[in-house]
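What follows is calculated from the coordinates using simple rules that are stated; it is not laboratory data. Only a predicted model underlies this, so the values are computations on that prediction, with no experimental measurement involved. For neighbour counting, all protein chains shown are included, and Cβ atoms are generated from backbone atoms with ideal geometry for every residue, glycine included.
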Amino acid sequence: MERIYLDNAAATPLDSRVLDAMMPYLTTQYGNPSSLHYYGQQARAAVQQARSQIAHCLDVAAQDVIFTSGGTEADNLAILGYLQANHPEGGHLITTAVEHDAVLRTFQRLQGLGYDVTILPVDESGRVRADDVRQALRPQTVLISIMYANNETGMVQPIAEIGSIAKEAGVVFHVDAVQAFGYIPIQPLQESIDMLSLCSHKIYGPKGVGALYLRHGLTVTAASCGGPQEHHLRAGTENVAAIVGFGMAASLLEKERKGRARQAYGMKRFFYDRLISPNPCIRLNGSMAHALPNIINFSVRSADSAVMLIAMDAAGLAVSAGSACEAGAVEPSHVLCAMGLSDEWLRGSIRISVGKENTTADIEQAISIILSVMDTVRGGNYE
Ligand SMILES: Cc1ncc(COP(=O)(O)O)c(C=O)c1O
């Protein structure tokens, strides 16, 4: 059976050019970047080159980029590290109801530690209003953390506007850009972003590596104790091959982003026009405007995501549900709940996320599989 992969927001395939760049560091160049000899210095130079490649993408200084094990660690280091270093006694924090768990659960923990947390609502398309951020500010506000683009719906937040509100108020602004990085040219200095989280496996790099941009002069406390790696902020021997791969993936992204975005949007638009728009029993979650070009989230009325997902997988189509399966029970997505979806739409959500390896023929095939699965689960009822 021919399989179609439309789950690129979960993980992209590794670009062969990235693998080529990584190979020496998995084989002959095995030195530890902390070693003073030739082998160590080769590895150190490779890590520094990757740091420059990421920094170049963001138009920031290389020394302001810290490598982590991924997006989750970058989010944790930013939020917990900043607060521990600067506001250990507590304070008021602002985030939104649609953040990734790497941020939301961190905020829940901080709430338990006595921090005061405001979780802002979103509108029905999943966007936060910049004005709500302004209204939520208090004299005690010390940190705002808002994602650039949502991983379930692809909805893009008004980050530059929020950045200027944060800057004006003198509040540190953290942005989780794990999903946005692949499609939006992000400029932390222009958008008044103080800390920015990234990860590699959404941009055709390897898994297990990410980065945190930290504005020059900002202090954060390391999450773990140990060696002096990554400016004393991330102890432990660097994953050199993965870091090199991430650097190469970022460098390719910088050259190819526009073309990838155009190609992705063409497929997304085709999917919307052919499947979503003409079907009364399908609802777009989010909007076509203010959204990433690669992610589309829709619900099938009164259907169950898990049932549809399994049927689609059996037919060779890999997509994702907008819900997490916990302890055998499918919980509705906190993102779609925050957008106010009613019960009839909430449980039947599906996310498709296209990538540079997909073609319009994949989308045509996917639509035919989805229609046939819908036919089965809804018993031929298209209302
Ligand atoms: C928006 C967002 N933040 C954070 C993460 C976590 O990244 P990682 O899996 O690299 O820890 C993800 C992963 O999908 C994500 O989509």
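Looking at segment 1-48, which trypsin sites (Lys or Arg not before Pro) are in a loop (DSSP not H, G, I, E or B) and have at most 13 other Cβ atoms within 10 Å? Provide the component values of the computation, followed by the final result.
Details: sites: R3, R17, R44; in loops: R3.
Filter output for segment 1-48: R3.
For the chain, take the longest principal axis of its alpha carbons; what is the angle in degrees between that and the long axis of helix 159-169, to the nearest 10 within 0 to 90?
50
When the dipole is taken about the Cα centre of segment 20-141, and only Lys, Arg (+1) and Asp, Glu (-1) are charged at their Cβ, what size is it in debye, to the nearest 20?
On the way: 8 positive and 13 negative charges, 60 e Å.
The dipole magnitude comes to about 280 debye.
About the Cα centre of segment 243-383, what is the dipole size in debye to 20, counting +1 per Lys and Arg Cβ and -1 per Asp and Glu Cβ, all else neutral? Before the final figure, lay out the partial values.
Details: 14 positive and 14 negative charges, 130 e Å.
The dipole magnitude comes to about 620 debye.
Working out 0.36 nm times the residue gap between E256 and V117, then minus their Cα-Cα distance, what length gain in nm do you get to one decimal? If you can, show how the numbers build up before the last one.
Details: separation 139, 0.36 × 139 = 50.04 nm, distance 3.91 nm.
46.1 nm is the gain from fully extending E256 to V117.
Looking at V244, T221, T96, which one has the Cα that reaches farthest to the positive end of the dipole of the chain (charges on Cβ: Lys, Arg +1; Asp, Glu -1)?
Among V244, T221, T96, the one farthest towards the positive end of the dipole of the chain is V244.
Calculate the dipole size of segment 16-253 relative to its Cα centre from +1 charges on Lys and Arg beta carbons and -1 charges on Asp and Glu beta carbons; express the result in debye to the nearest 20.
Working: 14 positive and 21 negative charges, 108 e Å.
Dipole about the Cα centre, nearest 20: 520 debye.
Run the simple label-point estimate for N32 and D313 please: 7 Å along Cα→C-beta, distance reported in nm.
4.0
Round to the nearest 10 and give me the degree value, 0 to 90, for the angle of helix 71-86's Cα axis relative to the longest principal axis of the chain.
Computed tilt is about 50 degrees.
Taking θ = phi - 60°, what integer Hz values does the Karplus form 6.51 cos²θ - 1.76 cosθ + 1.60 yield along segment 106-115, in sequence order, with x for Gly and Pro?
5, 5, 4, 4, 5, 4, x, 8, x, 6
Across every pair of different alpha-carbon atoms, what Kirkwood hydrodynamic radius in Å does segment 141-211 reach? Don't skip to the end; give the middle numbers.
Numbers: mean 1/r = 0.0802 Å⁻¹.
Roughly 12.5 Å, rounded to one decimal.
Relative to the longest principal Cα axis of the chain, at what angle does helix 16-26 sit, 0 to 90 degrees, rounded to 10?
Roughly 40 degrees, rounded to the nearest 10.
Just the ratio, please: alpha-carbon radius of gyration of the chain over 2.2 N^0.38 Å, N its number of residues. Don't skip to the answer; put the middle values down first.
Details: Rg = 21.3 Å, N = 383, 2.2 N^0.38 = 21.1 Å.
Against the compact-globule rule of thumb, the ratio is 1.01.
Let me have the relative contact order for the chain, percent, based on Cα pairs under 8 Å that are six or more residues apart.
On the way: 762 pairs, mean separation 86.2, N = 383.
Computed over the chain, the figure is 22 percent.
Once fully extended, how much extra length lies between Q187 and Q49, figured as 0.36 nm per residue of separation less the alpha-carbon to alpha-carbon distance? Write out the running numbers ahead of the final one.
Numbers: separation 138, 0.36 × 138 = 49.68 nm, distance 1.96 nm.
This chain segment gains 47.7 nm when fully extended.
Toward the positive end of the charge dipole of segment 1-111, about the Cα centre and with charges on Cβ (Lys, Arg +1; Asp, Glu -1), which of N8, L58, A45 goes farthest?
Farthest towards the positive end: A45.
Counting just the Cα atoms, what span does segment 106-145 cover along each of its three principal axes? Round to the nearest Å and put the largest first.
Over segment 106-145, Cα extents along the principal axes are 32, 21, 11 Å.
Would you work out the relative contact order for segment 115-221, in percent, from Cα pairs under 8 angstrom that are 6 or more residues apart? Before the final figure, lay out the partial values.
On the way: 150 pairs, mean separation 20.8, N = 107.
Dividing the mean separation by the residue count of segment 115-221 yields 19 percent.
With θ set to phi - 60°, apply the Karplus curve 6.51 cos²θ - 1.76 cosθ + 1.60 along segment 302-308 and write out the HN-Hα couplings as whole Hz, x wherever there is a Gly or Pro.
Those phi angles translate into 6, 10, 10, 4, 4, 5, 5 Hz.
DSSP loop (so not H, G, I, E, B), at most 14 other Cβ within 10 Å: list which GluC sites (Glu not before Pro) in segment 5-99 pass both filters.
Working: sites: E73, E89, E99; in loops: E89, E99.
Answer in residue order: E89.
Between T219 and F270, what FRET efficiency follows from the Cβ-Cβ distance if R0 is 30 Å, with the result rounded to 0.05? Let's see the in-between values first.
Working: r = 48 Å, r/R0 = 1.60.
The computed FRET efficiency comes out at 0.05.
Just to be sure I understand: of the beta bridges DSSP finds with both ends in the chain, what percent are antiparallel, rounded to 5? Before the final figure, lay out the partial values.
Values: 25 of 42 bridges.
Roughly 60 percent of the beta bridges in the chain run antiparallel, per DSSP.
Summing +1 for each Lys or Arg and -1 for each Asp or Glu, what net charge is found among the other residues whose Cβ lies under 13 Å from the Cβ of F271?
+1
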